[in-house]
Structure formats: C-alpha cells, structure tokens
1. Picking from 97, 83, which residue would you name as being assigned to a helix (DSSP H, G or I), out of contact with any helix residue (DSSP H, G or I) (no Cβ under 7 Å at 6 or more places or on another chain), under 26 Å from residue 27 (Cα atoms) and free of Cβ contacts under 8 Å to residues at least 24 places away in the same chain?
2. How about the stretch 100-134: which of its residues are closer than 26 Å to residue 193 by Cβ, within 22 Å of the chain's Cα centre (by Cα) and exposed (fewer than 13 other Cβ atoms within 10 Å of the Cβ)?
3. Taking the stretch 304-327 on its own, how many of its residues are within 14 Å of residue 373 (Cβ to Cβ) and without any contact (Cβ under 8 Å) to a residue 24 or more places away in the chain?
4. Let me spell it out: the conditions are (1) touching a helix residue (DSSP H, G or I) at 6+ places or on another chain (Cβ under 7 Å); (2) surrounded by fewer than 20 Cβ atoms within 10 Å (Cβ to Cβ), and residue 339 meets all of them except one. Which number is the exception?
5. Just checking, how many residues over the stretch 264-281 are within 26 Å of residue 332 (Cβ to Cβ) and part of a loop (DSSP other than H, G, I, E, B)?
6. Does residue 261 satisfy being touching a helix residue (DSSP H, G or I) at 6+ places or on another chain (Cβ under 6 Å), at pLDDT 95 or above and either at positive phi or not in a loop (DSSP other than H, G, I, E, B) (or both)?
7. Consider the stretch 41-56. How many of its residues are part of a loop (DSSP other than H, G, I, E, B) and loosely packed, with under 14 Cβ neighbours inside 10 Å?
8. Do the conditions hold for residue 246, that is, is it surrounded by fewer than 20 Cβ atoms within 10 Å (Cβ to Cβ), assigned to a loop (DSSP other than H, G, I, E, B) and in contact (Cβ under 8 Å) with a residue 24 or more places away in the chain?
C-alpha cells in the first residue's frame, strides 16, 4: 500500500523484490541484497538450495539471517512519512470534495436566484399590464359617461323652456342619467381574477423551468414488469398486452397489479422526468419506495410507499391519497412531468404542454430508495392500448 502512494528512487531501494512491497524486518544476504525476512525464509523453505532470489547466487549453507536494524529504521521512517502523506492526501481529497459540493450548491443557488428574478420580473410586468388595461377600461367608461352627460346638458341649454308645451317633458326624458357613474366593481374583480390566473401561470412556468434542470434519463426495469406488460427494446415505452408472458417470478416483479418501476434509483437530491400519456384513457404515474409490496392487490397511498396520480375513463383525474383528491386540469395533459425533491419531501406533477401545475405531495418523510413508477392500466378492449412513453427532456 505504501508503494501505491509513493514513487521515486528511495521507494525502489526499500522494495522487496519478492513481495514487491516495502521491507518488513529487512535482512541482507551475503551477496548484499535485501529482502523481507519472512519472504526470504519462504523462498528457501521451498527450495532445495539457498540462493539469492535477485542475483541467483547460491550459498553453500543457509545463511544466518539477522535483521538489518539500520535499514529497518529507514523503512520505519519511510512508512511513517507515507502514513502522514496518505493522511494529508485524504484530508486534501475531503477538502476538494467539500469545495466541489460547495461549488455545486453555489451554482444551484445562482440558478434559483436567476429563476426567482425571472419570475418576479414577469409577475411585475403582468401586474403593470393588468393595471394599464384596467385604467384604460375605467377611462373608457368615464369618457362614455361624460359623453352621455353632455348630450342632455346641451339640449337643455338650447331649449327655450318658455316655448315648451310641457316644461317637464325634456327633464323626464333624462331621468335615467346618473350624475355620478361609478366604475363597476365587477370590472375590478374580473381584472384581479385575470391577474391571479396570470400569476399562477407564470409561477408554474418558472417552477417547471427550474425543475427541468434536474432531468434524469429513466429506463424501465423489465425485472419489475407485471407479466402482461410489453416493453419496447429501448426500455422507454410500456403498454398492456392483456396476455401474461412466461417470465421469471422474482422478488422484484409485480405479479398482479399492472405496474413497472424504472431502473434508476434515487436516495437524495432532486430529479425530474417526463412521460407522454397522449391518447390514453387510463394511467398511473409517480414514484415508489423500494420496499413496496409487489405481490397481490396493492392500495396506492403514500403510507404504502406510493406517491402517484391517476387518470380513469378518459377524464377523471385523482391524486392517490387517503381522501382520493379529485383533480381538475384545465385541459387533458398530453405529457406529464414528475419532479421529486428528496430532502424537501416533495413530489410534484405538471402538465408539460400547458406548463401548469397538476398536484403536489408536500411535507413527506423520505428515507431509503425511490424509483420512478408507471402503470399503463387495463387495455380496455383496445381503447387504452397506447403505451406510456418516457420522453427526453428538452
């Protein structure tokens, strides 16, 4: 181990030519070559004669081997120095690892800061735009009200009341005119509602951009696939073939529920992947704990190790929690993004095409390994035969 961490002429001088390591209890032969005492004794014990392993000189009788104390002291000093060097190298590596980790953290924080600035800049622009549009509408209403007021005033001024058969006739024609025409609160409410929708969209869009920085390349694990599932050769697509295949029933495989996991395992940090669901009428997506039950019927809940959402009957979306939370995406998602922040205990789902948030599991306690989870659901006589497709993140 010392030679592996050292080099140079001194190292070679202290190297036993038998074991190729630094001397242990060095001895010197009559031909003045040095070896470990145990190495030399083993050579001679196995040989009929006693010869030098290095120069092959043969001795008439077996030499009496005595420890070369001076050489042993040099070797001991060298070993101590090597130990110190190894310790220093170990410390230096730890320092480099800490610096590298700090640099990655700094880069991540810079990305977070840039994303936050981008988000709030977009929000402020949206607010300014909304304010400008609202003020424009209010000015238009005010102008219309003023024009409405000017017409009867002009007529009243021009009317010769003394020649009017009914002095009240003209006034009665304008009884609906309001002196003070307030801007409708409904206009403001509508503007605020539109602003709230814009803020939500901008927030979701920025979140999705940030999460895509943690994209990973996910491949399906055939050893976990329920026997009816059909996988593509590249391991990126899975569909339900409705016919059970003859596959090994290993401990990793789901035997009843039409589930499959990804090969990639995560036990820290953040990761993100996208799945095309397209024309499918039913599916499940999410992440699963390594220790989940894989045999028989399974109830999908966080306490059972599954964090997932599902689609059934083409338009019924639910988050798989105890209360089966009903979800109402604005449009039918064509591609779903799944994001996990292990340390934050967060699992979020996004509609990639509309860049909108679908659902999040928050405040979860994660420990152990997590895998991407997929379920193409029942074939339903071909109505749900399309595959789930893991797509590259652009």
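1. Details: 97 fails: under 26 Å from residue 27 (Cα atoms).
It is 83.
2. Selection gives 116 alone.
3. The total comes to 2.
4. (2)
5. Step one: of the stretch 264-281, the residues within 26 Å of residue 332 (Cβ to Cβ) are 271-281.
Still in the running and part of a loop (DSSP other than H, G, I, E, B): 277-281.
Here the count works out to 5.
6. Values: touching a helix residue (DSSP H, G or I) at 6+ places or on another chain (Cβ under 6 Å): yes; at pLDDT 95 or above: yes; either at positive phi or not in a loop (DSSP other than H, G, I, E, B) (or both): yes.
For residue 261, the condition - touching a helix residue (DSSP H, G or I) at 6+ places or on another chain (Cβ under 6 Å), at pLDDT 95 or above and either at positive phi or not in a loop (DSSP other than H, G, I, E, B) (or both) - is met.
7. Going residue by residue through the stretch 41-56, those that are part of a loop (DSSP other than H, G, I, E, B) are 47-49, 52-56.
Checking the rest, the ones that are also loosely packed, with under 14 Cβ neighbours inside 10 Å come to 47-49, 55-56.
Number of matching residues: 5.
8. Details: surrounded by fewer than 20 Cβ atoms within 10 Å (Cβ to Cβ): yes; assigned to a loop (DSSP other than H, G, I, E, B): yes; in contact (Cβ under 8 Å) with a residue 24 or more places away in the chain: no.
No; evaluated as a whole, the condition is false for this residue.
The values are calculated or read from the model by the stated rules, or taken from the named source; none is laboratory data. Being a predicted model, the structure only gives us computed values, none of them experimental. As a convention, Cβ positions derive from the backbone with ideal geometry for all residues, glycine included, and neighbour counts pool all protein chains shown.
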